[in-house]
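See below for the structure under consideration.
The values are calculated or read from the model by the stated rules, or taken from the named source; none is laboratory data. Everything numeric in this text was worked out from a predicted model, so none of it was measured. All Cβ positions, glycine included, derive from the backbone under ideal geometry; neighbour counts span all protein chains shown. For accessibility, only protein heavy atoms count, side chains too; no ligands or nucleic acids. Shrake-Rupley method; radii C 1.70, N 1.55, O 1.52, S 1.80 Å.
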Amino acid sequence: MKNRIELINLFQSKYKLGRAVEIGTYEGEYASEILKTWKGDLYLIDIWRKVNNAEYSDSCNRQDYINVMYKCCKNISGHEDRCHMIRTNSENAVKLFNDESLDFIYLDANHKYEFVKADIKLWFSKLRKGGIFAGHDIQLDSIRNALSYFLKERTNEVTGVNNSAWYIIK
């Protein structure tokens, strides 16, 4: 695969409909790409608020979250009947989904090691067998190390995608 857009094509080929989650949506640019190709329900999870820089030091951590949310709403415009914005953290959002109830999970939230590790642990059980567990920014040590830690006792294999994305088939 050349990029994370092609990852959507893989997902579409496996699951024409179903349920997916994007954790760390920000302005909804990737969500918009997912919705153009895939016809299932997509849940967007983001806190959409500024947090302490010590906790989340990233260009996405900005004060103007009303504008960020507005851009997300514009990006998903036309798909409101199957795209659902959930404004909360990962720990709270995961409680809204049953185990093995999701077909696709995409992680792109806080990139610090402890947060990535926690998100992987929280969300992997929500993915059904054969589902796609994916994310962004595998070029970062924190992401690679969290994936390595999680997979050390599993047989799943991480597949890298150009443009810094990755995925696992459960």
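Tabulated results
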{"quantity": "Residue match in segment 123-137 (condition: at pLDDT below 85 and within 16 Å of the chain's Cα centre (by Cα))", "calculated": "yes"}
{"quantity": "Filtered residue count, segment 7-32, keeping only those that are assigned to a helix (DSSP H, G or I) and either open to solvent by less than 60 Å² (accessible area, probe 1.4 Å) or under 17 Å from SER90 (Cβ atoms) (or both)", "calculated": "8"}
{"quantity": "Extreme residue, most open to solvent (accessible area, probe 1.4 Å), among residues of segment 37-52 that are modelled with pLDDT under 95 and not hydrophobic (A, V, I, L, M, F, W, C)", "calculated": "ARG49"}
{"quantity": "Search result, residues across segment 79-129 that are of a type in the set (Asp, Glu) and under 16 Å from ILE45 (Cβ atoms)", "calculated": "GLU91, ASP103, ASP108, ASP119"}
{"quantity": "Residue in segment 79-98 that is open to solvent by 40 Å² or more (accessible area, probe 1.4 Å), in contact (Cβ under 8 Å) with a residue 60 or more places away in the chain and of a type in the set (A, V, I, L, M) present", "calculated": "yes"}
{"quantity": "Test set (1) closer than 27 Å to THR37 by Cα; (2) in contact (Cβ under 8 Å) with a residue 40 or more places away in the chain; (3) not polar (S, T, N, Q) - LYS112 fails condition number", "calculated": "(1)"}
